[in-house]
Amino acid sequence: MKDIDMIQDLPSVTGHSDSDSTAGNKKKPKQKPIKLFEAALAQIQKAASLIELDPEYMAILSQPQNEVIVNFPVRMDSGHLQMFTGYRIQHNNILGPYKGGLRFHPAVDLDEVKALAAWMTFKSALVGIPFGGAKGGVTIDPNKYSEAEICRIVRRFTHALSYNIGPEHDIPAPDVGTNSQTMDWIMDTYANTNSPSARQAVKGVVTGKSVECGGSISREAATGQGVLYCLRHWCGQNEVTLDSLSVGVQGLGNVGGHFMRLACEAGCKIRVVGDHHATIKNAEGLDVADVLAWVKENGSLKDYPGAEHIDSDALFAEPVDVFVPAALENQINLSRAKTMQCQLIIEAANGPTTSEAEQLLLDRGVEIVPDILANSGGVIVSYFEWLQNKSAHYWAADDIQHELRSLIWGAYDQVISCRERLHSTTREAAYAVALYRLREVYDRRGIFP
């Protein structure tokens, strides 16, 4: 499939130190892997305790409202039939329609999408847009299938979801392993299952479409742009200039690639970057345009000739001012955190830092801009696209950038103010701001019946 997000598939982590040992000849006990949804709930619970949230509201937010699992057949190019499993988790819609991406990746499972859906609820609430939270995906390695097969998988998955999605109900978007072409196919499939008179009114069933099919200018780069706006805000707080900063990036998919390009254009020095096949560095700064051109041509950083190659764990240990994880969850674990030499981590990925690693980093004075703030640019511009589809009026790029920056910086200001008031971490403050908004709506609407 063309233009599939390229991510760094690092080994799964447990959040425990690699230095754990056992005496004598006993085997090292098998470490229990992190349950991502449990980790997400633990983050939410800390903030809920800080603001003394009614336990009944926490009980509601502790489970998705709906869990949709579909098993569907698709005919392969060879003629044989293959079964696939897909998910759509609808966490909460008290603020508006469910909203969240669709991920095509071998690691997609129920636990992952439940956590991602919950984070979407709080991300939308934090930045003040009228969306709830959802997430979905198919357990698949899209690189193993032809474009024609991917098209059939996408269309059959859309049909299997049926009316569990819709422009006023649940609005998917691109995520790892999906892109604007995926969204175009979903929109077309959904439109053609509606009556002819409704087909032009349902373009907003997905966001992240191509501009030609009703997508928004700037949507593809929106998440990476939002990460840069967070970095700009941090610079303003700390009286630092962008051109004085060295940066490391994990992941060269849509988010990491666009952030790296934009940060370089803003004057940052990108010293080290890693993807799913290789990690490269240059103390004087990488030639970002050349790196991105190589990845576009070759699919990864493997064999890139213009920099020194190092191993994947060394990526985290490189001395930089700012580190941006833009790959998968739980990538900054305790052992990696011990080696990190940065002032700031901006979480472009969802859930990239384990709780043990975060505590260690905070104790060392490393500031962390949490994922629900840092990577909110994607859902914000998705909101703009949804509005444009509803009105059939499309905004100019400058207007989109102005509104994106305004919402992110406004949310960032609220988080900092809340952090000072609660004497909390930045992550706890971000969740607290979101919970204040959710609590206010629940207080006013009540619980039916």
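Residue-wise test of (1) aliphatic (A, V, I, L, M); (2) closer than 20 Å to LYS390 by Cβ.
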residue: VAL138; (1), (2): yes, no
residue: ASN143; (1), (2): no, no
residue: VAL154; (1), (2): yes, no
residue: HIS159; (1), (2): no, no
residue: GLY166; (1), (2): no, yes
residue: ASN179; (1), (2): no, no
residue: MET187; (1), (2): yes, yes
residue: PRO196; (1), (2): no, yes
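Suppose we filter PRO64, PRO73 for residues that are within 16 Å of MET120 (Cα to Cα), in contact (Cβ under 8 Å) with a residue 12 or more places away in the chain and not small (Gly, Ala, Ser); which single one remains? Step through it out loud before you land on a result.
Values: PRO73 fails: within 16 Å of MET120 (Cα to Cα).
The match here is PRO64.
Just give me the residues in the stretch 98-124 being over 14 Å from PHE37 (Cβ atoms) and either of a type in the set (S, T, N, Q) or outside the structural domain of PRO142 (by TED's automatic domain parsing) (or both), in sequence order.
Answer for the stretch 98-124, where residues must be over 14 Å from PHE37 (Cβ atoms) and either of a type in the set (S, T, N, Q) or outside the structural domain of PRO142 (by TED's automatic domain parsing) (or both): just SER124.
Being free of Cβ contacts under 8 Å to residues at least 40 places away in the same chain, surrounded by 15 or more Cβ atoms within 10 Å (Cβ to Cβ) and within 23 Å of TRP119 (Cβ to Cβ) is the requirement here; does GLU403 meet it? Steps first, please.
Numbers: free of Cβ contacts under 8 Å to residues at least 40 places away in the same chain: yes; surrounded by 15 or more Cβ atoms within 10 Å (Cβ to Cβ): yes; within 23 Å of TRP119 (Cβ to Cβ): yes.
Judged against the criteria, GLU403 is a match.
Residues of the stretch 250-293 being in contact with a helix residue (DSSP H, G or I) (Cβ under 7 Å, 6 or more places away or on another chain) and basic (Lys, Arg), which ones?
Listed by number, the list holds a single entry, ARG261.
Of the numbered conditions (1) surrounded by fewer than 20 Cβ atoms within 10 Å (Cβ to Cβ); (2) touching an Asp or Glu at 6+ places or on another chain (Cβ under 8 Å); (3) part of a strand (DSSP E or B), GLU149 satisfies every one except a single condition; which is it?
(3)
So which of GLY136, GLY214, GLY177 ends up being on the phi > 0 side of the Ramachandran plot and either assigned by TED's automatic domain parsing to the domain that holds GLY96 or of a type in the set (Phe, Trp, Tyr) (or both)?
On the way: GLY136 fails: on the phi > 0 side of the Ramachandran plot; GLY214 fails: either assigned by TED's automatic domain parsing to the domain that holds GLY96 or of a type in the set (Phe, Trp, Tyr) (or both).
Only one candidate qualifies: GLY177.
Just wondering, is there one or more residues in the stretch 181-190 that are more than 16 Å from VAL70 (Cα to Cα), out of contact with any helix residue (DSSP H, G or I) (no Cβ under 9 Å at 6 or more places or on another chain), surrounded by fewer than 24 Cβ atoms within 10 Å (Cβ to Cβ) and not hydroxyl-bearing (Ser, Thr, Tyr)?
No, the stretch 181-190 contains no residue that is more than 16 Å from VAL70 (Cα to Cα), out of contact with any helix residue (DSSP H, G or I) (no Cβ under 9 Å at 6 or more places or on another chain), surrounded by fewer than 24 Cβ atoms within 10 Å (Cβ to Cβ) and not hydroxyl-bearing (Ser, Thr, Tyr).
Among the residues of the stretch 295-353, which ones are touching a helix residue (DSSP H, G or I) at 6+ places or on another chain (Cβ under 6 Å), closer than 21 Å to ASP175 by Cα and surrounded by fewer than 15 Cβ atoms within 10 Å (Cβ to Cβ)?
The answer is none; no residue qualifies.
Hey, any hits in the stretch 88-97 for a residue that's surrounded by fewer than 24 Cβ atoms within 10 Å (Cβ to Cβ), among the aliphatic types (A, V, I, L, M) and either farther than 16 Å from ALA434 by Cα or modelled with pLDDT under 95 (or both)?
So far as the stretch 88-97 goes, no, none of its residues is surrounded by fewer than 24 Cβ atoms within 10 Å (Cβ to Cβ), among the aliphatic types (A, V, I, L, M) and either farther than 16 Å from ALA434 by Cα or modelled with pLDDT under 95 (or both).
Can you go through GLU308, GLU329, GLU318 and tell me which one is in contact (Cβ under 8 Å) with a residue 60 or more places away in the chain, of a type in the set (D, E, K, R) and touching a strand residue (DSSP E or B) at 6+ places or on another chain (Cβ under 8 Å)? Even if it seems obvious, please write down each step before you answer.
Details: GLU308 fails: in contact (Cβ under 8 Å) with a residue 60 or more places away in the chain; GLU329 fails: touching a strand residue (DSSP E or B) at 6+ places or on another chain (Cβ under 8 Å).
Only one candidate passes the filter, namely GLU318.
Would you confirm whether or not the stretch 257-265 contains a residue that is of a type in the set (D, E, K, R) and crowded, with 24+ Cβ neighbours inside 10 Å? Walk me through how you get there before you give the answer.
If we filter the stretch 257-265 for residues that are of a type in the set (D, E, K, R), which is where we start, we get 261, 265.
Of the ones still in play, those that are also crowded, with 24+ Cβ neighbours inside 10 Å are none.
Checked against the condition, which is being of a type in the set (D, E, K, R) and crowded, with 24+ Cβ neighbours inside 10 Å, the stretch 257-265 yields no hits at all.
Hey, any hits in the stretch 112-128 for a residue that's touching a strand residue (DSSP E or B) at 6+ places or on another chain (Cβ under 6 Å) and surrounded by fewer than 24 Cβ atoms within 10 Å (Cβ to Cβ)?
The answer is yes; a qualifying residue exists.
Restricting the search to the stretch 205-238, which residues are surrounded by fewer than 24 Cβ atoms within 10 Å (Cβ to Cβ), touching an Asp or Glu at 6+ places or on another chain (Cβ under 7 Å) and not hydrophobic (A, V, I, L, M, F, W, C)?
Correct list: SER210 only.
The values are calculated or read from the model by the stated rules, or taken from the named source; none is laboratory data. Because the structure is a prediction, the values reported are computed rather than measured. Note that we place each Cβ from the backbone using ideal geometry, even for glycine, and neighbour counts take in every protein chain shown.
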